[in-house]
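FYI, it's all coordinate maths here, none of it is from the lab. Since we're looking at a predicted model, the values are computed, not measured. Virtual Cβ from ideal backbone geometry, glycine too; neighbours counted across all protein chains shown.
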Amino acid sequence: MRAVLDTNVLVSAALNEHAPPGQIVRAWHGGAFDLVSSPELISELNVVLNRPRIRSRLGWSLEDVSDFMRGVVADAIHVIPTRRLEVVRDPDDNRVLEAAVAGAADYIVSGDADLLALGVYEGIEIVSQVRFAPISLSADL
């Protein structure tokens with residue numbers, strides 16, 4: 001099983017490892033599914049995690065952010081989208097769709113209302129963290 005985790009899911013996981021996003025990241029690290037990402041998504045995650053307000057809430061140093069980013073980069077399947085999509089109004093959300101299509105993902109996991117409203121895009125289920133957490137925990141390892 002392959003999934004794209006929207007930046008909001010990864011940041012939420014860092015903020016609260018006990019909530020569903022944290023469970024999802026643990027399931028990924030445990031091999032329950034493959035994380036699909038792209039240069040655009042990695043860049044967005046890095047920008048968001050380096051915002052002073054987010055780093056302050058996390059209590060992370062610049063080195064902590066770098067360590068987290070290294071883990072994501074090292075363990076993800078990296079794709080280079082070949083199609084530019086304009087499906088939803090936020091360009092960052094379209095980058096999520098592009099990565100999912102390029103990586104033949106089964107799921108997009110997001111907290112974004114515009115993505116969730118799609119429900120399915122080109123056969124890729126778009127689900128909330130709460131909905132995906134039990135799926136990721138029950139995946140065959």
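Taking the Cα atoms of the chain, report the difference between the largest and smallest coordinate on each principal axis, in whole Å and largest first.
In descending order, the Cα extents are 39, 33, 26 Å.
Between Ala113, Ala102, Ala19, find the one with the highest GNM mean-square fluctuation for the chain; connect C-alpha pairs within less than 10 Å.
Checking each option, the largest mean-square fluctuation is seen for Ala113.
What base-10 log of the normalised intensity I(q)/I(0) is obtained for region 80-141 from the Debye formula, alpha carbons as equal point scatterers, at q = 0.22 Å⁻¹?
For the requested q values the scattering log ratios are -0.87.
For the chain, which span is the longest to avoid every loop-located (per DSSP) member of GluC sites (Glu not before Pro) having at most 13 other Cβ atoms inside 10 Å?
Counting at most 13 other Cβ atoms within 10 Å as exposed, the longest clean stretch of the chain is 18-85.
So if I place +1 on the C-beta of Lys and Arg and -1 on the C-beta of Asp and Glu, and nothing else carries charge, what would the dipole magnitude of the chain be about its Cα centre? I want it in debye, nearest 20.
280
Which of Ile108, Leu58, Gln129 sits farthest toward the positive end of the charge dipole of the chain, with +1 on the Cβ of Lys and Arg and -1 on the Cβ of Asp and Glu?
The residue sitting farthest along the positive end of the dipole is Leu58.
Counting other C-beta atoms within 10 Å, which of Met1, Met69 has the fewest, and how do the rest follow?
Met1, Met69
Would you pull out the residues with amide H under 5 Å of Asp106's amide H, same chain only if 5 or more places away, H placed 1.01 Å from N?
Answer set, sorted by chain and number: Arg2, Ala3.
When the chain is treated as a GNM, springs tying every alpha-carbon pair under 10 Å, which of Leu62, Leu41, Leu118 comes out with the largest mean-square fluctuation?
Of Leu62, Leu41, Leu118, the most mobile in the Gaussian network model is Leu62.
Towards the positive end of the charge dipole of the chain, with charges on Cβ (+1 Lys, Arg; -1 Asp, Glu), say which of Ser37, Pro91, Val48 has the farthest Cα.
Of the options given, the answer is Val48.
Report, in deg cm²/dmol and to the nearest 500, the calculated mean residue ellipticity at 222 nm for the chain, where each DSSP H run with n ≥ 4 adds -39500 (n - 2.57) and the sum is divided by the residue count.
The helix contribution divided over the chain gives -16500 deg cm²/dmol.
Using DSSP, restrict attention to beta bridges with both residues in the chain and report what percent are antiparallel, rounded to the nearest 5.
Roughly 15 percent of the beta bridges in the chain run antiparallel, per DSSP.
Using every Cα-Cα pair within region 1-54, state what percent have a distance larger than 18 Å.
Considering region 1-54, 32 percent of its Cα-Cα pairs are separated by more than 18 Å.
Please go through region 1-107 and write out the trypsin sites (Lys or Arg not before Pro) that DSSP classes as loop and that have at most 10 other C-beta atoms within 10 Å.
Of the trypsin sites (Lys or Arg not before Pro), the ones in loops of region 1-107 whose Cβ has at most 10 other Cβ atoms within 10 Å are Arg83, Arg84, Arg89.
Identify which of Ser128, Ser12, Ser37 has the largest mean-square fluctuation in a Gaussian network model of the chain, with springs joining Cα atoms closer than 10 Å.
So, out of Ser128, Ser12, Ser37, the one fluctuating most is Ser12.
So, R0 is 22 Å and r is the distance between the beta-carbons of Glu86 and Leu58; what FRET efficiency does that work out to, to 0.05?
Here the calculated transfer efficiency is 0.10.
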